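Comments concern the structure below.
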Amino acid sequence: MKSDIAIAQEAAKLPIEAIAEKIGLTANDLIPYGHYMAKTPLDLPAARDAQDGKLILVTAMTPTPMGEGKTTNTIGLGQALTKIGKKTMIAIREPSLGPCMGLKGGAAGGGYSQVLPMEDINLHFTGDLHAVTITHNLLAAIIDNHLHQKNSPEIHPRRVAWKRVIDMNDRSLRSIILGLDGAGVNGVMREDGFEITAASEIMAILCLARDLRDLKERMGRVIAGYDSMRKPVTAADLRVNGAMAALMKNAIQPNLAQTIEGVPTFVHGGPFANIAHGCNTLIATKMALRLADYTVTEAGFGADLGAEKFFHIKCRAGNLNPAAVVLVVTSRAFSMHGIENVLKHVENVRHFKLPVVISINRFLDDSIEYLVHIKKLCEDNGVEASITDFREAGSDGGVELAEKVCALCESPSQIEYLYELDAGIAEKIETVARKIYGAGDVEFSAEATRAIKQIENLGYGGLPVCMAKTPASLTDDPKVPGCPKDFTITITSARVSAGAGFVVAYCGKIMTMPGLPKEPAALSIDIDDQGNISGLF
């Protein structure tokens, strides 16, 4: 079996101008980043008055730690739709260097269903994540300077709400002390810490903003900290949101790339789904909808996390109405979690009144008999399913699935949400926990109860909730597989992401700064004298 990077390096790439032509764009519509990548302006004449095409979401059953190939399925399905004659675009997230150098590897798909150029996309790409990092850390620097200079409005040193970020898994930075030594010259001594860039509220803002003005306004609403009376102090209060938006001037523009089979793909934004809302940018998704008849996108982890947030947060923010949902199932995840888990995620999608079909994603060493068994179990329970082989066969590995998806798209559907925004925060949390996770009860810690009361008193009670929960289980315990019943979800804390426009509710213990495994993927990555990279996957 060839490695992903070997397949990517052997693939014949088209000039980005040729890719743009497929969706009605000209060279004048592009801001090139080399020969095979480009950014696109926010206002494209070809998209200005066009009607939206069909939106297809790819999600999954509860995954194993190595992932189940959602991105590969997203790219493969986009290629298969193109193969059967549909004008298609793909819209996916940008990889984070943390997982790329850590455990899971890159996030540009796999095998013959990849986005190219794979090395650039998985490493620095067009610099968007670095722009998010420096924008986030500009606010952090302004806050600490504000404390040091004793500027107004007051921020209480023990109530700073803004950590720093870096796009790398580095557990040693989770908790740090600032302002050591120097008798006050080095700033106010206080506790702080780092989160990973994909968990930054700036990343979430980038992915939910409608345009540059909205981005700047959202950044202005970011809560930097609180004063002695627990009143929030925002980035706008510190007069820094203009500079923050200026740093994001290029990052807000969608990145155009191509699949191995030449399907135009937007790769833009990359929030994590266990911490943030786990979807690519709203701007790229809406632009793709106006440039193609079918747009295939994905949401992180299982339907209990990524899909639920895609519906409740992204679809609400952008007035999106998905036409169909594809649920990815694999033999290894099925062996761990069983048919009940698959059916629970199908139910989760159907809660939103959306049609769903299953893609049984084949890995090279899978038993075809076992995959057929899984398919029969799905169909016996009233869910259409196709065995797909997007990694090894590209578009040819999913033509049947593409035809089933098109058939689903022909029947009109209208998304319905599980809660109203004017419900209380605790009620919204309980709705997700009971209906999506299957919890029998929800317990709120004293800290979470206090935080929710404060958030509502500050006027943020009308925001949707963004659940921070382990992706490894429907429960808040990553060691509980399958589809458990009558369990209790514990809400340990909550905070408002006022700029992003949601309230984050933490279930159990969630790390916003991952660590590296015993044998990080970075130890296998190398480059030769000619600049050829190896070891990426």
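Quick notes on this structure:
- The set of residues in segment 115-131 being buried (at least 16 other Cβ atoms within 10 Å of the Cβ) and not in a helix (DSSP H, G or I) consists of Val115, Leu116, Pro117, Leu123, Phe125, Thr126.
- Boolean, Ser152 is over 21 Å from Val267 (Cα atoms), of a type in the set (Ser, Thr, Tyr) and within 29 Å of the chain's Cα centre (by Cα): no
- Once segment 407-426 is narrowed to residues that are more than 25 Å from the chain's Cα centre (by Cα) and outside any loop (DSSP other than H, G, I, E, B), the residue that is surrounded by the fewest Cβ atoms within 10 Å (Cβ to Cβ) is Glu410.
A quick yes/no check of all residues on (1) touching a residue at least 60 places away in the same chain (Cβ under 8 Å); (2) not in a helix (DSSP H, G or I); (3) not assigned by TED's automatic domain parsing to the domain that holds Glu392:
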site	(1), (2), (3)
Thr133	yes, no, yes
His136	yes, no, yes
Ile143	yes, no, yes
Met168	yes, yes, yes
Leu180	no, yes, yes
Ile205	yes, no, yes
Asp214	no, no, yes
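- Meets criteria (farther than 23 Å from Asn169 by Cβ, outside the structural domain of Ala235 (by TED's automatic domain parsing) and in a helix (DSSP H, G or I)) for Leu81: yes
- Residue check, Asp167 surrounded by fewer than 20 Cβ atoms within 10 Å (Cβ to Cβ), among the charged types (D, E, K, R) and either at pLDDT 95 or above or over 20 Å from Gly102 (Cα atoms) (or both): no
- Residue in segment 263-277 that is outside any strand (DSSP E or B), modelled with pLDDT of 95 or more and touching a His at 6+ places or on another chain (Cβ under 6 Å) present: no
Okay, residues lined up against (1) in contact with a Phe, Trp or Tyr (Cβ under 7 Å, 6 or more places away or on another chain); (2) of a type in the set (D, E, K, R); (3) closer than 30 Å to Ser335 by Cβ:
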residue	(1), (2), (3)
Ala20	no, no, no
Tyr33	no, no, no
Thr40	no, no, no
Leu55	no, no, no
Met66	no, no, yes
Met101	no, no, yes
Gly106	yes, no, yes
Leu116	yes, no, no
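- Just one of the listed residues (Arg450, Arg434) is surrounded by 15 or more Cβ atoms within 10 Å (Cβ to Cβ) and more than 30 Å from Ala108 (Cβ to Cβ), namely Arg434.
- Evaluation of Val58 against (1) in contact with a Lys or Arg (Cβ under 8 Å, 6 or more places away or on another chain); (2) over 26 Å from Ala251 (Cβ atoms) (one fails), failing number: (2)
- Residue selected from segment 187-203 under the condition part of a loop (DSSP other than H, G, I, E, B) and touching a Gly at 6+ places or on another chain (Cβ under 8 Å), by the criterion nearest to Ile134 (Cα to Cα): Gly187
- Residue in segment 145-153 that is buried (at least 22 other Cβ atoms within 10 Å of the Cβ) and among the hydrophobic types (A, V, I, L, M, F, W, C) present: no
- Restricting Gly462, Gly440 to residues that are at pLDDT 95 or above, more than 20 Å from Lys344 (Cβ to Cβ), of a type outside the set (A, V, I, L, M) and in contact with an Asp or Glu (Cβ under 7 Å, 6 or more places away or on another chain) narrows the list to Gly462.
- Boolean, Ile75 is assigned by TED's automatic domain parsing to the domain that holds Asn186 and modelled with pLDDT of 95 or more: no
- Residues considered: Met287, Met336. Of these, the only one that is surrounded by fewer than 22 Cβ atoms within 10 Å (Cβ to Cβ) and in contact (Cβ under 8 Å) with a residue 12 or more places away in the chain is Met336.
The values are calculated or read from the model by the stated rules, or taken from the named source; none is laboratory data. No experiment lies behind these values; they were computed from the predicted model shown. For neighbour counting, all protein chains shown are included, and Cβ atoms are generated from backbone atoms with ideal geometry for every residue, glycine included.
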